[in-house]
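The values are calculated or read from the model by the stated rules, or taken from the named source; none is laboratory data. Keep in mind that this is a model prediction, so the values were computed, not measured. For neighbour counting, all protein chains shown are included, and Cβ atoms are generated from backbone atoms with ideal geometry for every residue, glycine included.
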Amino acid sequence: MFRAGLYARVSTHDQKTLPLQIRAMREYAAKRGWEIAVQIKEVGSCAVERELREKLVAAARRREIDVVLVWRLDRWGRSLADLVVTLKELAELGVGFVSLTEALDLTTPTGRAMAGLLSVFAEFEHEILRERIRAGLVEARRKGTRLGRPITAAKKAGRIRKLNRAGVSKAEIARRLDIGRTSVRRILADL
């Protein structure tokens with residue numbers, strides 16, 4: 001008999017679908033003959049870390065559940081990439097995953113094939129994001145926007161040289177001016 005972990009989530013307290021989600025998952029588990037080992041109801045937006053979801057994953061790591069059951073995929077994953085990562089971890093743990101409304105059942109060969117397709121789409125999404133970032137950097141450079149860390153040590157070059165002429169060690173200069181020793185060495189090498 002499979003031990004199931006049910007996970008229901010809504011984004012805000014105003015949403016009233018938690019009872020609907022739980023009822024549908026309980027009925028499905030009963031039809032499959034699964035024992036409900038853990039039942040989690042979470043309220044929170046996708047922007048925050050889902051603490052209760054992490055508790056369910058921890059239960060999977062401790063081998064307390066054999067399958068995770070959700071009402072919809074968007075209730076489980078914050079993004080396609082997050083979904084793929086967590087599904088991969090569950091698969092590596094030997095824990096199945098079932099989403100009721102999408103009829104995704106990773107306890108079957110067909111469901112596992114669908115998970116492979118999700119992984120392909122997640123990689124595609126990641127590549128598109130990477131291309132957008134590169135294009136944004138190119139455009140920022142074209143406009144003359146300075147990229148990278150702010151210049152801090154170069155602003156203190158005069159003080160660095162003055163302390164060096166006074167016989168202060170490079171390590172002490174770095175400590176006094178709260179900059180890295182490498183920056184001190186680089187500025188003094190440019191003399």
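Phe97: farther than 30 Å from Trp34 by Cβ, aromatic (Phe, Trp, Tyr) and without any contact (Cβ under 8 Å) to a residue 40 or more places away in the chain, yes or no? Talk me through it step by step, then tell me what you get.
Working: farther than 30 Å from Trp34 by Cβ: no; aromatic (Phe, Trp, Tyr): yes; without any contact (Cβ under 8 Å) to a residue 40 or more places away in the chain: yes.
So Phe97 does not fit the description; no.
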Handout entry: Of residues in region 67-89 being buried (at least 21 other Cβ atoms within 10 Å of the Cβ) and aliphatic (A, V, I, L, M), the one nearest to Leu56 (Cα to Cα)
Key = Val68
Practice task
Scan the helices (runs of 4 or more DSSP H) fully inside region 71-147 and keep the ones with 2 or more residues being out of contact with any strand residue (DSSP E or B) (no Cβ under 7 Å at 6 or more places or on another chain).
Solution key: 80-92, 109-142
Handout entry: Neighbours by Cβ (under 7 Å, 6+ apart or cross-chain): first from region 149-167, without any contact (Cβ under 8 Å) to a residue 40 or more places away in the chain; second buried (at least 16 other Cβ atoms within 10 Å of the Cβ) and among the small types (Gly, Ala, Ser)
Key = Ala153/Ser183
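Taking Arg9, is it in a loop (DSSP other than H, G, I, E, B), modelled with pLDDT under 95 and touching a Gly at 6+ places or on another chain (Cβ under 9 Å)? Give the derivation first.
Values: in a loop (DSSP other than H, G, I, E, B): no; modelled with pLDDT under 95: yes; touching a Gly at 6+ places or on another chain (Cβ under 9 Å): yes.
Taking the combined requirement at face value, the residue does not satisfy it.
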Fill in the blank from the handout: Apart from one, (1) over 23 Å from Thr17 (Cα atoms); (2) at pLDDT 90 or above; (3) surrounded by fewer than 21 Cβ atoms within 10 Å (Cβ to Cβ) all hold for Ala60; the odd one out is (3)
